[in-house]
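J.: Please read through the structure below; I'll follow up with questions.
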Amino acid sequence: MIKRVIALLTDFGVEEHYNGVMKGVILKINRNALILDLVASAKSFSIMDAAFQLWASYKYFPYETIFLVVVDPGVGTDRQPLVIKTKNYFFVGPDNGVLYPAAYEDGIESVVKITSEKIILKNRNGTFDGRDVFAPAAAYLSKGMPTEALGQYTEIKEKYVFPEPIINNYSIKATVLHVDKFGDVVLNLRKEHINDTSKKFIIKDKNVQIKATFAECVGLCMVFGSSGFYELALNQGSASDLLKIKTGDEIEIEIV
Amino acid sequence: MIKRVIALLTDFGVEEHYNGVMKGVILKINRNALILDLVASAKSFSIMDAAFQLWASYKYFPYETIFLVVVDPGVGTDRQPLVIKTKNYFFVGPDNGVLYPAAYEDGIESVVKITSEKIILKNRNGTFDGRDVFAPAAAYLSKGMPTEALGQYTEIKEKYVFPEPIINNYSIKATVLHVDKFGDVVLNLRKEHINDTSKKFIIKDKNVQIKATFAECVGLCMVFGSSGFYELALNQGSASDLLKIKTGDEIEIEIV
Amino acid sequence: MIKRVIALLTDFGVEEHYNGVMKGVILKINRNALILDLVASAKSFSIMDAAFQLWASYKYFPYETIFLVVVDPGVGTDRQPLVIKTKNYFFVGPDNGVLYPAAYEDGIESVVKITSEKIILKNRNGTFDGRDVFAPAAAYLSKGMPTEALGQYTEIKEKYVFPEPIINNYSIKATVLHVDKFGDVVLNLRKEHINDTSKKFIIKDKNVQIKATFAECVGLCMVFGSSGFYELALNQGSASDLLKIKTGDEIEIEIV
């Protein structure tokens, strides 16, 4: 028996019934679906935040996991509701860029726009496609329905990529991809962007050194984080609060 | 094998072990229960908020789902712990109105007060009936125990209904049933309450137009929401913050 | 077939993918694991808070539940990653005290430091042992792997115990073990610490009486809470906000 995992990533929040209703819709279609929350309360309306968290996570999931991603400020407009089949996974969500970095990295095999009237709930409201379109699509996929039965082949329109840093010998212009619950600030800096980790850096007049763990940080530091990007951090404190920066901000890093 | 869904709706919050402990109690009684969170962190102590979210959600769940609802400021008093069997579902929770709108709509078939000493945990504390009374009741229901084995037949005392708006040709007096994580404000206005959707409205000196989707909102707008009520909304902003209104508030809407 | 429950207690929060990724790692190893959140968003970095919540909860779970506890400010240092087998349960997490009160109470049978290269994920990052070390260890335990196969026997270093109150005829010096979402303040006072419950108390110039339920509180009161400790509470209000106290604070209680 096929028992695919469905992993939800939404910005709906735990105060709301929205995630719960989506699970109800799924279980009504496939009582054997194995549903879990990947992120229940992503940053509201933020494509960048959700795209980053999905990308940082998907590769740790079992083969054929269905990622049901609903961060969808354009719900009800003509943005396409998509199912993307990749080498190892399925991604279900709006064509607004949120699925793209993960799907592209894994290798896109086919893309379908969800249009089947057998899939979409009757009385579709137009403000909650998570419930009316995406959840049923994920549920039918979890039962083994082929992607092409969900609608018609299409092309992805929003091919979102994370911004690249601008680097010279004296400075780095980086972008904040994500701020986590602890206030750790994920930058768009990968291993190869910093070739001398003994260097010192200055951010907003504050000295920053690279450390291997959060516990070694003295004041502000930079740690090579679990997602594969450098993170600004304080030991048991919030780097985000200290620097007053948030997801999407650009910051200047001086190399000294 | 019976494998009923148990959907939790509580105001306990994700910072706490309360929801988790209830799940532990359930699994100790029925390892095959399929437990999920409908709402993990409803507005503290708010009957209206929980009643609304339950009512907006229940119909999307599979037949025979057990809704385990613990928003229970009167825990330990003589308010009745109830199991309500309806046409399609079971509702477990306190007799404070929180279950009533959903149960009434689905069609109440029988009501039992949970009194059986075989069900209620020994050393019942009196401050956490979610753990000591409601979770075990839901667990035994999920194993197929008939409702009448949980206690004795009773009558519902708190027959809570959502307030009705007061409407004339020039104005509407509406009540806020729920404010969601995005700041969207659900009003007690159904489709039939607004017969001319091209009209303009004024709320607290702000112009409001009816739109089909959040993305079309310019400034403050009103959208026919996914629950079947109109919602005040901003495109990617918080209508609740803008208007400084919260669940339970009454607002005056001028029709122009 | 062994289908052990894995209960997660972390301070990662529902805004993040960290808990979700751990679940992905577990399901990749054991698709039949029954995973649930015990606490998804414990107080950041607080050993006391997590130790309290684990201790208050574990006994309600089924035999052989695996508690996967990641409140781990020392991640990447030489603190030991542990599996503790007790009389009825398994506890997986860092050797920083967080597991100790629960494990000690249930009866510790063996302690293993997780070192097996077959268990730990390749490319262990050093900042997210929840994903790279603890989740795989829990997953293998859930498949029935014996604890000794996960590493080598060791001794627990951090034998954390909750602080004891200091009590005389006129006053009590108590410590706040936990503040819950409602603002209820759990003190380190058990039944035996207060032998005359008709006494009146004064905390920060405020009168406090002992009541049986939250609903009976008039102003500030003290209730014997569901965890087995006394709690300061307001009826439908936040005692924590009123008294301006938080987890870890010491408070003076005058007996009058």
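Quick note: the coordinates plus some simple rules give every number you see, no bench work behind them. Predicted model only: the values in this text are computed from it and were never measured. Glycine also receives a Cβ, built like all others from the backbone with ideal geometry; neighbour counts cover every protein chain displayed.
J.: Could you work out the mean count of beta carbons from other protein chains within 10 Å of each residue's beta carbon in C:37-47?
T.: Values: counts 10, 7, 9, 13, 10, 4, 1, 6, 5, 1, 0.
Mean partner-chain Cβ count within 10 Å for C:37-47: 6.
J.: With the cut-off at 32 Å, tell me which of the pairs A:LYS28/A:LYS85; C:LYS200/C:LYS244; A:LYS204/B:LYS246; B:LYS143/C:LYS157 have Cα atoms farther apart than that. If you can, show how the numbers build up before the last one.
T.: On the way: A:LYS28/A:LYS85 23 Å; C:LYS200/C:LYS244 21 Å; A:LYS204/B:LYS246 38 Å; B:LYS143/C:LYS157 43 Å.
Going by Cα-Cα distance, A:LYS204/B:LYS246; B:LYS143/C:LYS157 fall outside the 32 Å limit.
J.: With an 8 Å Cα cut-off and a minimum separation of 6 or more residues, compute the relative contact order for the stretch C:55-101 in percent.
T.: The normalised contact order for the stretch C:55-101 reaches 40 percent.
J.: Please return the longest range in chain B lying between exposed loop sites, taking chymotrypsin sites (Phe, Trp or Tyr not before Pro), DSSP loop only, at most 10 other beta-carbon atoms within 10 Å, and leaving the sites out. Could you put the intermediate results ahead of the total?
T.: Working: sites that count: B:TYR63, B:TYR170.
Between exposed loop sites, the widest span is B:64-169.
J.: So which trypsin sites (Lys or Arg not before Pro) in the stretch A:59-121 are both in a DSSP loop and have at most 11 other Cβ atoms within 10 Å of their Cβ? Don't skip to the end; give the middle numbers.
T.: On the way: sites: A:LYS59, A:ARG79, A:LYS85, A:LYS87, A:LYS113, A:LYS118; in loops: A:ARG79, A:LYS87, A:LYS118.
Passing both the DSSP loop test and the Cβ count: A:LYS87, A:LYS118.
J.: Could I ask something else about it? What are the nm distances, shortest first, from A:ASP241 to its equivalents in the other copies, labels at 7 Å along Cα→Cβ?
T.: 1.8, 1.8
J.: With +1 on the Cβ of every Lys and Arg and -1 on the Cβ of every Asp and Glu, and nothing else charged, how large is the dipole of the stretch B:1-117 about its Cα centre, in debye rounded to the nearest 20? Mind dumping the intermediate values first?
T.: On the way: 11 positive and 13 negative charges, 91 e Å.
That gives a dipole near 440 debye.
J.: Shape of the protein assembly as shown from its Cα gyration tensor (a ≥ b ≥ c, root eigenvalues): rounded if a/c is under 1.5, otherwise prolate when a/b > b/c, or oblate?
T.: Details: a/c = 1.31, a/b = 1.00, b/c = 1.31.
Because its axes are fairly even, with a/c under 1.5, the protein assembly as shown counts as rounded.
J.: Can you name the residue in chain C whose Cβ lies closest to the C-to-B rotation axis, and give that gap in whole Å?
T.: Residue plus distance in Å, as requested: C:VAL14, 3.
J.: Another question about this same structure. List the distances, in nm and shortest first, from the label point of C:TYR160 to the matching label points in every other copy, placing each point 7 Å from Cα along the Cα-to-Cβ direction.
T.: Listed shortest first, these distances are 3.7, 3.7 nm.
J.: Moving on to the next point. If you take every DSSP beta bridge fully contained in chain A, what fraction is antiparallel? Give it as a percent rounded to 5.
T.: For chain A, the DSSP antiparallel bridge percentage is about 70.
J.: Give the calculated FRET efficiency between A:LYS173 and A:ASN207 to the nearest 0.05, with a Förster radius of 22 Å applied to their Cβ-Cβ distance. Show your work: numbers first, answer last.
T.: Working: r = 19 Å, r/R0 = 0.85.
Here the calculated transfer efficiency is 0.70.
J.: Let me ask you something else. Restrict the search to the stretch A:1-37; then list the trypsin sites (Lys or Arg not before Pro) that DSSP places in a loop and that have at most 15 other Cβ atoms within 10 Å of their Cβ. Could the numbers behind the result be given before it?
T.: Working: sites: A:LYS3, A:ARG4, A:LYS23, A:LYS28, A:ARG31; in loops: A:LYS3, A:ARG4, A:ARG31.
Filter output for the stretch A:1-37: A:LYS3, A:ARG31.
J.: Using a 7 Å offset from Cα along the direction of the beta-carbon, what are the separations from A:THR77 to the same position in each other copy, nm, ascending?
T.: 4.8, 4.9
J.: Just flag the GluC sites (Glu not before Pro) in the stretch B:94-165 sitting in loop per DSSP whose Cβ has no more than 14 other Cβ atoms within 10 Å.
T.: Values: sites: B:GLU105, B:GLU109, B:GLU117, B:GLU148, B:GLU155, B:GLU158; in loops: B:GLU117, B:GLU155, B:GLU158.
The qualifying sites are B:GLU117, B:GLU155.
J.: I've got another one for you. Specify the inter-centroid distance of the stretch A:1-79 and the stretch B:123-161, based on alpha-carbon positions, in whole Å.
T.: One Cα centre to the other: 32 Å.
J.: For the protein assembly as shown, what is the charge dipole size about the Cα centre, in debye to the nearest 20, if Lys and Arg each add +1 at the Cβ and Asp and Glu each add -1 at the Cβ?
T.: Values: 87 positive and 93 negative charges, 382 e Å.
Magnitude of the dipole: close to 1840 debye.
J.: Take the alpha carbon atoms of the stretch B:210-256, find their center, do the same for the stretch C:164-202, and report the distance between the two centers in whole angstrom.
T.: Answer, in whole Å: 46.
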